[in-house]
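Taking it in order: structure first as structure tokens, then the write-up.
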Amino acid sequence: MTFMPGYVMHLAEAGQILEKVRERTEISRSWEQQFLTGTLLPDTRLKDEKRFSHFWNPEQLEQLALAPDLSLFLNKYRQRLSEPVILGYLAHLHLDACYVRDYWPTVIAFYGAQGEPEVRKDMITDVEMLHLHRKVPVNKFFSPEYYYGEYTKLNGYFIDKYHLAVPEWEQIRVFDMDEVRLRDMGRICRDLAYLLDMYHAGDEKDIQIFELDHLEAFMTAAADDFVSMYGDELAASAIEKIPSGHTTMPFGE
């Protein structure tokens, strides 16, 4: 069970980041595909193993809305931010962190049995959909009827708008992280290929919990924030992969 953005949202936001990088420098296809692969790698781990792949703070594991602790990731991998896969991985964690911190509180709220605000997953009984001014039991909310059904309906919009495709992950020959195995991308990409084959454009018109304009504005803001924070690393990494003689513009100009 996952409560964070799915594969499609991560790739859509990655597409926005890539467009911002292209405004400053050329990007090779190899660099692009490694970056896109990185944006999906944290989800190769399932269930309890997500605590490692998503760098959750051990002191916060009782919470339902768990945001990656980017400091834990950077303490370990900051010296590898020249690698596009690592930058993509960081982009995934960054979007998840923004989702918990900035987006969820504007869309949903969690409550305990006495109607009090609650963050501990074992103590949450109800979820309020703020846009609808409606509460439902937590298990009903995280079901195809509500939350996961909305995810499915949104997939077609993002797939169509951003022309999403399965990353060419098998072309990556050298990669090493303790938290994930590159070969496990096979499962992710099979699932993603199914979504790409089965999506229905227009389903987003039936969503209730999310407001599409609001969600897309959040994703754009998250992409802007990521580029603002890691623009130098993105540009330096990308320029290493293109022929000499090309020029880049500093981020922020």
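The values are calculated or read from the model by the stated rules, or taken from the named source; none is laboratory data. Please read all numbers here as calculations on a predicted model, not as lab measurements. Note: ideal-geometry Cβ built from the backbone for every residue, glycine included; neighbour counts use all protein chains shown. We work out accessible area using only protein heavy atoms, side chains counted, and drop any ligands, DNA or RNA first. Shrake-Rupley method; radii C 1.70, N 1.55, O 1.52, S 1.80 Å.
Here are some notes:
- With respect to the conditions (1) open to solvent by 70 Å² or more (accessible area, probe 1.4 Å); (2) at pLDDT 95 or above, Asp69 falls short on a single one, namely (1).
One line per residue, one yes/no per condition, for (1) touching a helix residue (DSSP H, G or I) at 6+ places or on another chain (Cβ under 7 Å); (2) open to solvent by less than 40 Å² (accessible area, probe 1.4 Å); (3) of a type in the set (Val, Ile, Thr):
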{"residue": "Phe141", "(1), (2), (3)": "yes, yes, no"}
{"residue": "Lys153", "(1), (2), (3)": "yes, no, no"}
{"residue": "Val166", "(1), (2), (3)": "yes, no, yes"}
{"residue": "Val174", "(1), (2), (3)": "no, no, yes"}
{"residue": "Met185", "(1), (2), (3)": "yes, yes, no"}
{"residue": "Met198", "(1), (2), (3)": "no, no, no"}
{"residue": "Ala201", "(1), (2), (3)": "yes, no, no"}
{"residue": "Ile207", "(1), (2), (3)": "yes, yes, yes"}
{"residue": "Ala221", "(1), (2), (3)": "no, no, no"}
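- Considering segment 126-178, and only residues there that are of a type in the set (Asp, Glu) and assigned to a strand (DSSP E or B), the residue that is nearest to Glu116 (Cα to Cα) turns out to be Asp126.
- Filter result (surrounded by fewer than 20 Cβ atoms within 10 Å (Cβ to Cβ), over 19 Å from Asp178 (Cβ atoms) and not charged (D, E, K, R)) within segment 28-55: Ser28, Ser30
- Counted residues, segment 107-130 - those being surrounded by 13 or more Cβ atoms within 10 Å (Cβ to Cβ) and touching a Phe, Trp or Tyr at 6+ places or on another chain (Cβ under 8 Å): 10
- Taken residue by residue, segment 117-136 has no member that is within 24 Å of Gln34 (Cα to Cα) and of a type in the set (Ser, Thr, Tyr).
- Tally, over segment 75-86, of residues that are in a helix (DSSP H, G or I) and more than 14 Å from His54 (Cβ to Cβ): 7
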